[in-house]
Amino acid sequence: MIAHHVKNAVEGQMLAATLFMQASNAKPDKPVGLATGGTMDGVYQQLVANSFKPGFKHAFALDEYDGISPGSKNSYLHELTEKFSKALDWSGQLHVPGQGLYAHEAGNQEFEEALADLGPLSVQLLGIGTNGHIAFNEPGSDFASRTRRVELHQETVSANSIYFDDPQSMPTHANTQGLATIAQADMLLLVVLGEHKQAALTKSIRHPDQSTPLAALLEHPKLVLVTDQEF
Ligand code: GLP
């Protein structure tokens, strides 16, 4: 793992945006992997500030709430459409597990097939949950897992329900790339910012085991960490 220590969140988001642009520009015929959440909002804002013009034609999302309407402001498809595609004036195709083309029974399998046909990804953006989840691979997830429907942990429901106008309406399930799916990317760009992530990061790196999904990715040949935390 290559670790970059930064002073604060803004510096981390700027560095992550720079590394993302470099990695995707180096392989413009390959798709990229996108993530969602507060950390990534700032990374996408930095891409916009840099007037980034993507060369890639396809982007694969890590995960999405199960059964959420694509028009809901809480759907990750909506979030990526607004904060990535529209913000960068990018007209390429977003592939989101369980949404659009993939919103049916065999959707997760077809998502895997599209990824295999078009991939590998030049770079996959990653965050971490306060409970250590990667995408929606919760603690205890199989390291060999592929894209599938999962049940969210109570800590994830509590952490993410604050983004819903009616917290009770937060879905309890999601579709997520598996840990083995994520590991296929040429480069993993993990962005961990804020004190509330420190415990999950430290545990995942110092005591990796089945309860720390990041453990499945620590031996990846190109895992790049950007963090403002000690671990
Ligand atoms: C969600 C996503 C994860 C992301 C995490 C952290 O749960 N499914 O992929 O890493 O949030 O998000 P934030 O950056 O908002 O802390």
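Confirm whether Phe56 is assigned to a loop (DSSP other than H, G, I, E, B) and open to solvent by less than 10 Å² (accessible area, probe 1.4 Å). Yes: the conditions hold for Phe56. Note on the stretch 76-102: residues that are within 15 Å of the ligand (Cβ to nearest atom) and either among the aliphatic types (A, V, I, L, M) or out of contact with any helix residue (DSSP H, G or I) (no Cβ under 9 Å at 6 or more places or on another chain) (or both) total 5. What's the total number of residues in the stretch 82-111 that are open to solvent by less than 40 Å² (accessible area, probe 1.4 Å), among the polar types (S, T, N, Q) and under 16 Å from Pro31 (Cα atoms)? Matching residues across the stretch 82-111 total 1.
For the stretch 151-191, the set of residues classified as within 13 Å of the ligand (Cβ to nearest atom), in contact with a strand residue (DSSP E or B) (Cβ under 9 Å, 6 or more places away or on another chain) and among the aliphatic types (A, V, I, L, M) consists of Leu152, Met170, Ala174, Leu179, Ile182, Leu188, Leu189, Leu190, Val191, listed by residue number. When the stretch 131-142 is filtered for residues that are in contact with an Asp or Glu (Cβ under 7 Å, 6 or more places away or on another chain) and over 12 Å from Asp63 (Cβ atoms), only Asn131 remains.
Restricting attention to the stretch 195-231, which residues are in a helix (DSSP H, G or I), farther than 22 Å from Ala17 by Cα and under 18 Å from the mean Cα position of the chain (by Cα)? Steps first, please.
As a first pass, look at the stretch 195-231 and keep what is in a helix (DSSP H, G or I): 195-206, 213-217.
Still in the running and farther than 22 Å from Ala17 by Cα: 199-200, 202-206, 213, 215-216.
Ala200, Ser204, Pro213, Ala215, Ala216, listed by residue number.
Based on what the data block shows, is Ser51 under 20 Å from Gly107 (Cα atoms), away from the ligand (no atom under 16 Å from the Cβ) and open to solvent by 10 Å² or more (accessible area, probe 1.4 Å)? Against the criterion (under 20 Å from Gly107 (Cα atoms), away from the ligand (no atom under 16 Å from the Cβ) and open to solvent by 10 Å² or more (accessible area, probe 1.4 Å)), Ser51 does not qualify. Which of the residues that make up the stretch 2-51 are in contact with a strand residue (DSSP E or B) (Cβ under 8 Å, 6 or more places away or on another chain), assigned to a helix (DSSP H, G or I) and within 23 Å of Ile162 (Cα to Cα)? Result: Gln13, Thr39, Met40, Val43.
Filtering the stretch 169-187 for residues that are modelled with pLDDT under 95 and assigned to a helix (DSSP H, G or I) leaves a non-empty set.
The values are calculated or read from the model by the stated rules, or taken from the named source; none is laboratory data. Remember, it's a predicted structure, so these values are computed and weren't measured experimentally. In this analysis, Cβ positions are derived from the backbone assuming ideal geometry, glycine residues included, and neighbour counts consider all displayed protein chains. With ligands, DNA and RNA removed, areas are computed over all heavy atoms of the protein, side chains included. Shrake-Rupley method; radii C 1.70, N 1.55, O 1.52, S 1.80 Å.
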